[in-house]
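The values are calculated or read from the model by the stated rules, or taken from the named source; none is laboratory data. Since the model is a prediction, treat every value here as computed from it, not as a measurement. Note: ideal-geometry Cβ built from the backbone for every residue, glycine included; neighbour counts use all protein chains shown.
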Amino acid sequence: MRLLQVSLRSLLIYSMVLVLISVPVSLLSIRAILNEEVDESLSLHAEQFLKHIKSFEYLDDLETDLKVLDQLSYNIHVKPYGGKNVINRYQTIDVYDSLEQEQRPFRELSSSVDIKDKPYILTVRMSLVDNNDLIMAIGLVQAALIVLLAAGLLLLNRSLSKKLWKPFYKTLSQLKAFELDKNESIQVEKTNIVEFDDLNKTIGNLTERNRKIFLQQKEFIENASHELQTPLAIFQSKLDNLMQNPHLSESEATAIMELEDSAQRMARLNKNLLFLSKIDNDQFNDKEEIELSNLINDLLSNLKQIVGKDDISITTELGLFKIVANKTLLEVLLTNLVHNAIRHASLNRTVFVQLTERILTISNSGNPLKMEPAKMFERFSKEGTRENSTGLGLAIVKKICDSCHFGLTYRYENSCHVFSVTF
């Protein structure tokens, strides 16, 4: 079954427009028909009245009777008339009703007649109140029918749309929940709509291909990191043996120290890449209840020696807060943020660590960033040319926050770099 080119919503709008146009047209048509019927009744009443009057033309006091009739009658008036002849003039007028104290609509027929060879104008009226009430009732019925029709069409449109678009929304929900690093692929179902089948087939092939490529790349990184550990360890061991040689010249010792620094940097880089790979593989699923302030104090006590070298002090303001999370990930998160603050803090300045309610704030003084703030969380993106930095510290922080659903923000205010983690 092919999907209709004209949407149900367009059809609904088109139907409603036709119905809305038909209502005033039908009411005007009914009013015209009723006026025509009233005009026929007025003409008939006028003819009957003239026949009745002609049968009494022999009376001498007929004119007096006509005057009395004009005063007593509400719907028939006969008055002397000296103007031009009027032949069956129909019109709708409003007449004040003293009893109801309001204007009432009337249909009026005016015609010139001769009674005893004298010109008169005969006026016959008929109330249109009942007709207007009838039209009003018909209008209300049509309005109620329009409301019911619109409600029915909306429900029908919603029901059919929900049924027709069900395969699309199912595929869309699968796409929203799809993650490349998982081993689950999108499962598409066969539908009765050719377009949706083609879409599902294309999406299934695309996501499966991307998933396989991603898993291959991740597997390559894992294997490379593991394989690099052994040669790095051997390389480090050889360097240690060479450094213990008492016959080294000054230039040879300097070269070996440079190699030592490079080897340590390679080891840290390999360790960080392997750690990122483990996060991607969800290898830190073990959770426990942790008092965050105690964990921060333990971490800072281990950093006293590092902080003292650069004359940097750490000020804390820690409130009690317990969190259920993986302890290893929390330790790495806190360590990287504090190390980053210490590394980039100005000399003889203070690093401020604050924990209030669910927000951890770590700030340090320093010059404004040269790069865009959003790029600092990208892998291998770093400020300056520090040789001992791998460019993965903040990237690991961002990855941990995303994995644990923590909020991570950065701002620069009052000459300070401020990182905030919302648990």
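The set of residues from region 320-341 being part of a helix (DSSP H, G or I) and crowded, with 17+ Cβ neighbours inside 10 Å comprises Leu329, Leu330, Val332, Leu333, Leu334, Asn336, Leu337, Val338, Asn340, Ala341.
Given the conditions (1) part of a helix (DSSP H, G or I); (2) under 30 Å from Gly393 (Cα atoms), and given that Glu179 satisfies all but one, which numbered condition is not satisfied? With (1) part of a helix (DSSP H, G or I); (2) under 30 Å from Gly393 (Cα atoms) applied to Glu179, the lone miss is (1).
If you filter region 305-315 down to residues that are closer than 27 Å to Glu357 by Cβ and surrounded by fewer than 14 Cβ atoms within 10 Å (Cβ to Cβ), you find that the one that is modelled with the highest pLDDT is Thr315.
Asn348: in the same structural domain as Leu295 (by TED's automatic domain parsing), at pLDDT 80 or above and not hydroxyl-bearing (Ser, Thr, Tyr), yes or no? For Asn348, the condition - in the same structural domain as Leu295 (by TED's automatic domain parsing), at pLDDT 80 or above and not hydroxyl-bearing (Ser, Thr, Tyr) - is not met. Scanning region 351-360 for residues that are surrounded by fewer than 20 Cβ atoms within 10 Å (Cβ to Cβ) and either outside the structural domain of Leu392 (by TED's automatic domain parsing) or modelled with pLDDT of 85 or more (or both) returns Phe352, Gln354, Thr356, Arg358, Ile359.
Exactly one residue among Ser277, Ser262, Ser251, Ser237 is of a type in the set (Ser, Thr, Tyr), assigned to a helix (DSSP H, G or I), surrounded by 14 or more Cβ atoms within 10 Å (Cβ to Cβ) and not assigned by TED's automatic domain parsing to the domain that holds Ala325, and that residue is Ser277. Can you find, within region 213-234, the residue that is surrounded by the most Cβ atoms within 10 Å (Cβ to Cβ) among those that are in contact with a Ser or Thr (Cβ under 9 Å, 6 or more places away or on another chain) and within 15 Å of Lys271 (Cβ to Cβ)? Of everything passing the filter in region 213-234, Ser225 is surrounded by the most Cβ atoms within 10 Å (Cβ to Cβ). Among the criteria (1) over 26 Å from the mean Cα position of the chain (by Cα); (2) β-branched (Val, Ile, Thr); (3) at pLDDT below 80, the one Val147 does not fulfil is (3).
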